[in-house]
Structures are given as structure tokens and as C-alpha cells.
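The values are calculated or read from the model by the stated rules, or taken from the named source; none is laboratory data. Small disclaimer: the values here were computed from a predicted structure and weren't measured. Positions of Cβ are backbone-derived with ideal geometry, glycine not excepted, and every protein chain shown enters the neighbour counts. We work out accessible area using only protein heavy atoms, side chains counted, and drop any ligands, DNA or RNA first. Shrake-Rupley method; radii C 1.70, N 1.55, O 1.52, S 1.80 Å.
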Amino acid sequence: MPVPIRRLFVALTLCCALLAGGTACGSATTDATQDTAAVVAAATPSPTTSAQRQKLAKTRFVANASLAAGATYQWIVKPWKAGKFKKGASGRRFALVKAGLAGAFAYNRLKAAKRNAQGDPTLSKALAPLTAGIDSLKDLPSKLRKGDSTDSTASSFDDIINKVKDAAKNAGAEVTDKVPSAGQLAGG
């Protein structure tokens, strides 16, 4: 099977760059090192302003919290209210596995939302009391997968999501349920 020209070109360019970099490091003078450092410093991107960072933090928070809320409602709260988690229910095992995956996904997205909220002073103050509640969700997905105390576990997720929604609404960031795709759910 022939190798595409593009791959050969990339490999040849990479080899030449490594060879040139290796020889440049071996015989470099202090002036050449300073020139290289100046070029590297000039080529690095500058960080965003604090106003942009805060704006993006609120947007990212809403996206992450919405995905967590959607996954929690779709795969934990809705089946719980329909009685899918009760012993002897039809499709119980599959519902519990999906709920466990959704719980892990929701925990992951809530942790990301908490990090995003730290970039916005209003959100940071609003979510400060909820950090312990978010951290308490860490072990709940495994309990859902095993089928242990599903009623209290599902209600815990529902309570935390509702508290995050209320805190965000008070801070000026409306969080709505956005159901993630199966790929997002599996990928975490």
C-alpha cells in the first residue's frame, strides 16, 4: 500500500526540524539562545482580558450546568419517577446502568460548571454554598449502577441540580435542561 505524499512530506519536515533543533542546541551561543527565546515569546498567544474571561465563564457555566441538568432529568429523575428503579421493574438493570452513566456525566459537568463559575464573581458567590453538595455526588453514580438506595440517590441528584439552577438564576444565568447525546454521555 503506497504512503500518501502528504504523510511523507510531514514526516520529512518533522525530521528536518528535529535535526535542525538538535544541532542548534549543541552549538548554540548565548545570542542565538536569546534570539530564539525572543521569537518564541513573540509567537505565544496573549491571554484574553478579564472581561472576556468572565463573559466566557458565564457562558461555559450555563452550557455545562444545562448538560448536567438535562442528563439528570432524562436518565435519572424521569425513570425514577416512572418507577424503573424498583425491584422487579421491566428494564431495571438497563435503566440503572444508564442512570449511573448519566450520574457520572452530570457530576463531571457540575465540576466543570463549578470551575467556570469561579471566573465570574457573581456566579462564584452564588455557587459557593453548593460546592459541598456537588462534591457529595461523587460516589452516587456507582450506587445507581449497583441499584443501592436508588430513591435517595435520585432525589440527591434532583435536589443538587435544582439548587444549582436556582443559584444560577439568582446570579443572572438561566440554566435550562439540555439532554446530551449518547456520545457525549459515553465520553463524559
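A few points about this structure:
- The set of residues in segment 146-184 that are assigned to a helix (DSSP H, G or I) and of a type in the set (S, T, Y) comprises T150, S152, T153, S155, S156.
- Checked against the criterion of being closer than 22 Å to S181 by Cα, under 13 Å from the mean Cα position of the chain (by Cα) and surrounded by fewer than 17 Cβ atoms within 10 Å (Cβ to Cβ), the candidates A106, A82, A63 yield just one match: A63.
This table checks each residue for (1) hydroxyl-bearing (S, T, Y); (2) in contact (Cβ under 8 Å) with a residue 12 or more places away in the chain; (3) closer than 17 Å to A167 by Cβ.
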site	(1), (2), (3)
T72	yes, yes, yes
W75	no, yes, no
A82	no, no, no
G91	no, no, no
N108	no, yes, no
R115	no, no, yes
A126	no, yes, yes
L130	no, yes, yes
K138	no, yes, no
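- Any chance F94 is at pLDDT 90 or above, surrounded by fewer than 16 Cβ atoms within 10 Å (Cβ to Cβ) and part of a helix (DSSP H, G or I): yes
- Lone qualifier among D135, D166 - being open to solvent by 30 Å² or more (accessible area, probe 1.4 Å), at pLDDT 90 or above and under 28 Å from K58 (Cβ atoms): D166
- Screening segment 173-188 for residues that are closer than 12 Å to L67 by Cβ and over 15 Å from the mean Cα position of the chain (by Cα) and picking the one that is least open to solvent (accessible area, probe 1.4 Å) gives V175.
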